[in-house]
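The structure under discussion appears below in the form of structure tokens.
The values are calculated or read from the model by the stated rules, or taken from the named source; none is laboratory data. What you see is a predicted model; the values in this text were computed from it and never measured. Don't worry about glycine lacking a Cβ; one is built from the backbone with ideal geometry, like all the others, and counts go over all protein chains shown. Side chains are part of the model used for accessible areas, which takes the heavy atoms of the whole protein and leaves out ligands, DNA and RNA. Shrake-Rupley method; radii C 1.70, N 1.55, O 1.52, S 1.80 Å.
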Amino acid sequence: MVDSRLLRGALNGRLIVSVQAPQGSPMRDPSVIAAMAEASLANGAFGVRLESPEHIGAVRKRCPGALIVGLWKQVYPDSSVYITPGWEEMRAVWAAGADIVAIDATARHRPAGEVLASLIERTQRDLKVPLMADVDSLENGLRAAALGCQWVGTTLLGYTEATAELRPPAWELLPLLRRQLPPETALICEGGIASADQAIRALEKGADAVVVGTAITGVDLQVGAYVGRMDAGR
């Protein structure tokens with residue numbers, strides 16, 4: 001049975017905070033990630049998006065009732081797909097305590113030639129875990145919904161070879177997806193949202209919920225951006 005919080009109607013214009021930190025950052029410590037997640041939830045976030053089984057487990061322990069969107073970034077030499085790319089990553093994210101698993105649902109070649117449709121079918125059969133499809137285009141979003149993904153997110157627009165010339169937020173993609181996705185499929189705006197005003201605009205464009213990461217929890221990138229701009233102005 002799908003968690004009622006994951007149904008489209010439950011999202012209703014809510015905020016999901018992506019609590020992640022780059023490799024090598026002191027912010028990547030599981031206790032720090034868990035603290036940021038708790039602070040986000042305590043201040044009204046509907047849920048959190050977390051990377052790696054270790055971080056998912058730490059947040060689940062500290063915030064037992066949290067709604068967790070989980071993923072695991074893994075890099076393989078034979079593919080540019082890195083967001084929960086295969087079965088082992090799917091299983092590990094689910095086992096760590098994610099309520100919904102985010103997966104790269106673009107048309108790109110997957111590691112070891114794994115097929116997206118087969119991966120989704122196996123996940124639904126063996127794990128029965130809901131899926132968030134991270135996509136870069138209308139075609140891939142509609143295909144992901146047809147394959148059974150409950151959420152479709154604009155996460156990868158601008159980050160794939162086919163969309164490298166585009167920059168998030170996905171202002172043009174959002175209304176196209178909302179008009180053509182099945183009524184029960186939730187549409188999530190993720191990527192490039194840098195202010196509350198932009199989050200509201202995403203909802204006006206058809207998103208059911210908005211994921212914000214760097215603008216809220218991206219200490220490394222935010223500080224680097226300030227320092228870079230200030231140094232350039234000297």
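Structure notes:
- Normalised by the number of residues in region 64-105, the mean separation of alpha-carbon contacts (under 8 Å, six or more apart) gives a relative contact order of 47 percent.
- 12 Å beta-carbon shell around A144, net charge (K/R +1, D/E -1): -3
- Inverse of mean 1/r across different Cα pairs in the chain, Kirkwood, Å: 17.8
- Of all lysines in the structure, the ones whose alpha carbon falls short of 23 Å from that of K73, not counting any fewer than 8 places away in one chain, are K61, K128.
- Of the peptides 17-24, 85-92, 49-56, 102-109, the order by per-residue mean of other Cβ atoms within 10 Å, starting with the highest, comes out as 49-56, 102-109, 85-92, 17-24.
- At 1.306 mPa s and 10 °C, Stokes diffusion of region 1-113 via Kirkwood alpha-carbon radius, µm² per second: 108
- Total formal charge among the other residues, if their Cβ is under 10 angstrom from that of R14, Lys/Arg +1 and Asp/Glu -1: 0
- Just the protein heavy atoms count here, and of the accessible area of the chain at 1.4 Å, carbon and sulfur take up 56 percent.
- Loop-resident sites, region 151-234, for GluC sites (Glu not before Pro), counting at most 10 other Cβ within 10 Å (DSSP): E165, E184
- Among L157, F46, Y82 - extreme Cα towards positive end, dipole of the chain, charges at beta-carbon: F46
- Surface per residue (accessible, 1.4 Å probe) for the chain, Å²: 47
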